[in-house]
Amino acid sequence: MNFVVVDVETANPDLSSICQIGIACFRDGRLKNSWESLVNPEDEFDPLHVSIHGIDEEKVRGCPNWAAVYPEVSRLLQSNIVASHTPFDRVALHRACERYQLVHSEYRWLDSAMVVRRAWPMFSRSGYGLSNVAAEFGIQYTPHDALQDACCAGEVLLRAIAESGISIDAWLERVKQPINLPVRTTTELASPRPPRALPRPAPAVARCGNPEGPLFGEVLVFTGALSMPRHEAADAASAAGCEVATSVSKHTTLLVVGDQDIRKLAGYEMSSKHRKAEELMSQGQNIRVITESDFKRITDLVNG
């Protein structure tokens, strides 16, 4: 029942632009202590991101940058099981360390969204976002505040441990197993898993998502010039669980923008897909915009 949970907010679609971090430390099944800090990302603030988390250039003026904050982050995470809800926060830490040329330690990471999908059948295919799960279980918190998100994800993990009877250490192995696998002993969970069959790619760029993938339920669209062939990017996204669509719609949840295009954040320099996504985001649709580099890091991580 001992673990820490980390969550970050970013200034713009680049995951390395961390502007807030929150860490919640759980011991013996309860929240023992927590820590949070605003971070000067030394980068531009995208208005849509500011509208989501409320952090802007003024709020981080005089705050430490990532290089100054990271020693404390590393101290809190060291020798612990480290959880995050979906892989995005994990990759953000790696990317920020790369940006400042810091040595980033490897931790025992646990994706709490993968735990949720296995602990409760109703969340196995959809609805496993933190806000939705918290509402289901009556957990009160303020979304898009890094520390409150971390505390909430920790409370969700405690419920999953209690209801499943699977320890936090055993969950490290359980999340590697198929979602509908019957609950087994820790010894059985350590046995090799059989290879899983991925769905056959659809023609062109559109793809179905692998139901076992950690990003299943995400509807992804690519835009801009990618460094890799578009069909290879679609294959990687599909293996990770994403449904790949060819256009932005009310179903879109993830937009991947070519690295050269992500900085074109003013008016019609954006692609039509990017503009459409921002229009939908301004109307309240939950769409995450990330760079191709971050997309590649995430898919490399989750596809092994």
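List of remarks:
- Rg/Rg_ref, the stretch 219-303, where Rg_ref = 2.2 N^0.38 Å and atoms are Cα: 1.02
- Exposure proxy order (Cβ contacts within 10 Å, fewest to most) of SER247, SER271: SER247, SER271
- When only Cα pairs below 8 angstrom with a gap of at least 6 residues are kept, the chain shows a relative contact order of 17 percent.
- Residue-by-residue Karplus 3J(HN,Hα) for the stretch 128-137, coefficients 6.51, -1.76, 1.60, Hz, glycine and proline x: 8, x, 4, 4, 5, 5, 4, 5, 4, 9
- In Hz, Karplus ³J(HN,Hα) per residue of the stretch 230-235 (6.51, -1.76, 1.60; θ = phi - 60°; x = Gly, Pro): 4, 5, 5, 4, 5, 4
- Take the Kirkwood radius over Cα pairs of the stretch 1-108, plug it into Stokes-Einstein at 4 °C and 1.567 mPa s, and you get 92 µm²/s for translational diffusion.
- Cα-centred dipole magnitude for the chain, charges only on beta-carbon of K, R (+1) and D, E (-1), debye, nearest 20: 980 debye
- Dividing the mean sequence gap of close Cα pairs (under 8 Å, 6+ apart) by how many residues the stretch 58-125 holds gives a relative contact order of 35 percent.
- Taking Lys and Arg as +1 and Asp and Glu as -1, the other residues whose beta-carbon sits under 15 Å from that of CYS151 total -3.
- Long-range HN-HN contacts of ILE139 with modeled amide H, under 5 Å: none
- The H on the amide N of LEU110, modeled in the peptide plane, is under 5 Å from the matching H of VAL82, ALA83, SER84, each at least 5 residues off or on a different chain.
- The phi torsions of the stretch 28-33, fed into the Karplus equation with coefficients 6.51, -1.76 and 1.60 and a -60° offset, translate into couplings of 6, x, 8, 6, 8, 7 Hz, rounded to whole numbers, with Gly and Pro shown as x.
- The peptide list 277-286, 212-221, 15-24, put in order of mean Cβ contacts within 10 Å with the highest first, becomes 15-24, 212-221, 277-286.
Taken together, the values in this text are just the output of simple stated rules run on the coordinates, not laboratory data. Note that the structure is predicted; figures quoted are calculated from it, not measured. Positions of Cβ are generated from backbone atoms using ideal geometry, with glycine treated the same way; all protein chains shown enter the neighbour counts.
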